[in-house]
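A short write-up of the structure that comes next.
The values are calculated or read from the model by the stated rules, or taken from the named source; none is laboratory data. Quick caveat: nothing in here was measured; it's all calculated off a predicted structure. Glycine also receives a Cβ, built like all others from the backbone with ideal geometry; neighbour counts cover every protein chain displayed. Each accessible area value is taken on the protein alone, full model and side chains, heavy atoms only, with ligands, DNA and RNA left out. Shrake-Rupley method; radii C 1.70, N 1.55, O 1.52, S 1.80 Å.
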Amino acid sequence: MTSAGDDGVSRRLRSLPSVERVVRALGPDAPPPPIATAVARLAVDRARARVRAGESLSFEEIESDAARLLETRSRARLSKIINATGVLIHTNLGRSPLGEVQMKAVRRVASGYSNLEYDIDAGRRGSRYAHARAPLVALTGAQSALVVNNCAAALLLTLKGLCQDREVIISRGELVEIGGEFRIPDVLSASGARLKEIGTTNRTHLIDYERAIGPETGAILKVHPSNYKMLGFTAAVEARALARLARGRGVLFINDLGSGLINSPPRARWLEREPTVEAAVADGADIVTFSGDKLLGGPQAGMIVGRSELIDALARHPLLRALRVDKMTLAALEATFEILLRGTLDELPLWRMATASLESLEGRARALAGRLAPLTDQGVKIEAIASRAVTGGGSLPGEDIGSWAVALVHPERSVDELERALRTGDGPVIARIEDDRLLIDLRAVAPADDDALAASVLAALSL
Ligand SMILES: *Cc1c(COP(=O)(O)O)cnc(C)c1O
């Protein structure tokens, strides 16, 4: 005998909509069938579980649950967001944005066939690595250059190709983790080189390096402390002194710069303490490695520049095949190098944003505050304020860049709720929380996105 209650549950279970009906209800804008079906099935399954738990649900409730699931799903797709965090090179948000000149180069090369590995003059196979070599040599003053997938790959290939089964000397102050999953000691061990730590976390002297060099030593590695800054009683050895020591003792000196600043005017004051690639080369490093999508303002890539015979050896290494760059990257990179060679830095979005004047940022912040004025009807406090941005992405730790932001405070909703509303709205905006206010920092927002930014914030916070 089943109870009347169980009867009710069975009846409600039987009357749950079919997956197909929920798919149809999702409408013409729903994603392609396998995705729409999976979402609808999940919504029906969830409804079934709730009915079993004694609830009763209308079709509309199931339909809106499916629509919500779909929304979460489409947010997970790779898509454009507005970076209002004030962090210019934000690793989680895709680091350096590419500009029109770079994108044109990508479209030109990627939408058809290209001479990626073809020597047009000779009419036979060429090298994909040849394209970036000449501009990199011209920009950095190095003898030769090789481009791989990212700077971690550049370092891995360098250590594997030049230091496998040998000791690599590194200061304890530089055994760092960069960007969560990239740790210098792990890259070293993956390369088959043996780590020889010297000095202490805060102080390492030239004598520590001198004493550590022995018959097993392959190289001295210097890692630019790009995502942290040590203050107080500290000491590190200059690249030039390490290069001299390494040369005198017949070992290599590898300088992993990461941030990849190539110096062409005009540069901002906050960049003064950042080492440039040319300086690292001129200081005598055998190899310098750096990223393409940090201060270089280009696509994700890893540059290895240095002495010709070393670069040639790395170019012959079988691991290179696994770390090779794609044609789209090479096209964007080539365009980036040409911009740097011409000195037309305004063609790089990163540099446009990095060097935008405080006056222009203030004007945009005030204009945005004005456009958000309708929110004051709900009691939202809106104020254009001076703010501090940072480069991020492992460059210039501790160096603030002046900026302007719009600060929001809601009479009822917490700052976390506001942050979430902007993040999960249509046209997501990632903002920053500071002193219990939500800051929409304009330093890393392209002026062309100001309209979309205003619309997104209004939509997300209007009742
Ligand atoms: C960022 C960084 C890397 C890693 O660069 P990716 O291009 O992200 O692989 C390596 N070394 C240093 C010093 C860095 O700052």
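So here's what we get for this one:
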item: Solvent-free Debye scattering, log10 I(q)/I(0), computed from the Cα coordinates of the chain at q = 0.08 Å⁻¹; result: -0.62
item: Cut-off of 10 Å, at most 10 other beta carbons, DSSP loop: longest stretch of the chain lacking such chymotrypsin sites (Phe, Trp or Tyr not before Pro); result: 234-463
item: Sites E417 and L319, calculated FRET efficiency, Cβ-Cβ separation with R0 45 Å, nearest 0.05; result: 0.40
item: The stretch 298-356 and the stretch 195-222: distance between their alpha carbon centers, rounded to Å; result: 30
item: Per residue accessible area of the chain, 1.4 Å probe, in Å²; result: 49
item: R342/A38 FRET efficiency (R0 45 Å; Cβ-Cβ; nearest 0.05); result: 0.35
item: Residues with amide H under 5 Å from that of G297, placed H, sequence gap 5 or more; result: none
item: Gain in span if fully extended, S56 to E434, counting 0.36 nm per residue against the direct Cα distance; result: 131.7 nm
item: Environment charge at T289 (Cβ cut-off 15 Å; Lys +1, Arg +1, Asp -1, Glu -1); result: -2
item: Inter-probe distance in nm under a simple model that places probes 7 Å from Cα toward Cβ, at A76 and K104; result: 3.9
item: Cβ charges +1 (Lys, Arg) and -1 (Asp, Glu), total dipole of the chain, debye; result: 1020
item: The stretch 71-129 and the stretch 1-61: distance between their alpha carbon centers, rounded to Å; result: 42
item: Carbon + sulfur, % of accessible area of the stretch 4-76 - ligands and nucleic acids excluded, 1.4 Å; result: 51
item: Amide H contacts of I82 (H built 1.01 Å from N, under 5 Å, at least 5 apart or other chain); result: V429, I430
item: For W404, residues with placed amide H under 5 Å, excluding near neighbours; result: S387, L442, R443
item: Mean separation of Cα contacts under 8 Å, 6 or more apart, over the residue count of the chain: relative contact order %; result: 19
item: Mean separation of Cα contacts under 8 Å, 6 or more apart, over the residue count of the stretch 81-236: relative contact order %; result: 17
item: Cα-based Rg and Dmax for the stretch 100-347, where Dmax is the largest Cα-Cα distance (Å); result: 18.1, 61
